[in-house]
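What follows is one structure encoded as structure tokens, with my remarks underneath.
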Amino acid sequence: MEKRGHGHGHVHPVNFDPTAAEPDHHEQAPTTGRAYRIGIGGPVGSGKTALTAALCRALGDEVNLAVVTNDIYTTEDADFLRKAGVLDPERIEAVQTGACPHTAIRDDITANLDAVERLEERFPGLDLVIIESGGDNLTAVFSRGLADSQVFVVDVAGGDKVPRKGGPGVTTADLLVINKIDIAHLVGADMDVMTSDAHRMRGELPVITQSLVDTPNAPDVAAWVRSLLPVRAG
Ligand SMILES: Nc1nc2c(ncn2[C@@H]2O[C@H](COP(=O)(O)OP(=O)(O)OP(=O)(O)O)[C@@H](O)[C@H]2O)c(=O)[nH]1
């Protein structure tokens, strides 16, 4: 990490590595005997709540699932999901982060783990908890102590440069979703550029492009989620 001075007698660390994240202070807990936890993160308005709703629609009848939402000051996302009727409202827990959302999904994950625990107590045998982060920036990723796998959602409206800007969300998330491809032509986003940059930045890690207007149940992401869950007998 480089250090830069700026004229008041000391230096601040300056990190120009787009793939660098803050250190993760939590270890991944063993996944046996508890619900699998998938984190959904990404910039403000990219479609995280819409994807969460889509996954509830796609998987709700076959998987015992619940959702934790994170908002800074409100319970907006939880309220949206409850109103959308995609899941029993009892299966939705809201965390108010009161600070930058990445703090609650990475640095102090207690409130989120407590919310997961409440859901697990309420619904014994829960298979899956989807944890939706509040909208943040390209550096916001989940602690492995909270999310077993994570999806990072960007959208075409942010510009086709977003994947090549990197950041740990784009480069290290277990799945990158490029959302709202139905409006790519309206915002002048070149999908070939976005997908080839995304693959270049991510190596072997998967990339899904989708429109939740054209495919409201997010079939490709739902298939990816199914592939992560343990196969159940019967
Ligand atoms: N055209 C189009 N609009 C979409 C798509 N996905 C989501 N939207 C719209 O984009 C807006 C933002 O979507 P949200 O799901 O609320 O985004 P978010 O990432 O949860 O937003 P924050 O929680 O505020 O960060 C909403 O008006 C959605 O209806 C899509 O695939 N295509």
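A few remarks follow.
- Condition met for Val44 (closer than 22 Å to Asn137 by Cα and crowded, with 16+ Cβ neighbours inside 10 Å): no
- Just one of the listed residues (Asp136, Asp155) is in contact with a Lys or Arg (Cβ under 7 Å, 6 or more places away or on another chain), within 14 Å of the ligand (Cβ to nearest atom) and open to solvent by 10 Å² or more (accessible area, probe 1.4 Å), and it is Asp155.
- Looking across the range 193-219, the residues that are in a helix (DSSP H, G or I) and crowded, with 16+ Cβ neighbours inside 10 Å come down to Met194, Thr195, Asp197, Ala198, Met201, Arg202.
- Evaluating Asn179 against the criteria (1) more than 15 Å from Thr52 (Cα to Cα); (2) near the ligand (Cβ under 10 Å from one of its atoms); (3) surrounded by 15 or more Cβ atoms within 10 Å (Cβ to Cβ) leaves one unmet condition, (1).
- Checking Pro216 against (1) over 19 Å from the mean Cα position of the chain (by Cα); (2) more than 21 Å from Asn137 (Cα to Cα), the condition it does not meet: (1)
- Test: Ala66 is of a type in the set (Gly, Ala, Ser), at pLDDT 95 or above, in a strand (DSSP E or B) and over 15 Å from Gly135 (Cβ atoms): yes
- Residues in the range 119-133 that are at pLDDT below 95 and either in contact with a His (Cβ under 6 Å, 6 or more places away or on another chain) or open to solvent by less than 10 Å² (accessible area, probe 1.4 Å) (or both): Ser133 only.
- The residues of the range 60-119 that are more than 20 Å from Gly33 (Cβ to Cβ) and small (Gly, Ala, Ser), listed by number, are Gly60, Ala78, Ala84, Gly85, Ala94, Gly98, Ala99, Ala104, Ala111.
- Within the range 88-106, the set of residues being at pLDDT below 95 and either among the hydroxyl-bearing types (Ser, Thr, Tyr) or more than 25 Å from Ala173 (Cα to Cα) (or both) comprises Thr97, Thr103.
The values are calculated or read from the model by the stated rules, or taken from the named source; none is laboratory data. In this text the structure is predicted, and so the values were computed from the model without any measurement. All Cβ positions, glycine included, derive from the backbone under ideal geometry; neighbour counts span all protein chains shown. With ligands, DNA and RNA removed, areas are computed over all heavy atoms of the protein, side chains included. Shrake-Rupley method; radii C 1.70, N 1.55, O 1.52, S 1.80 Å.
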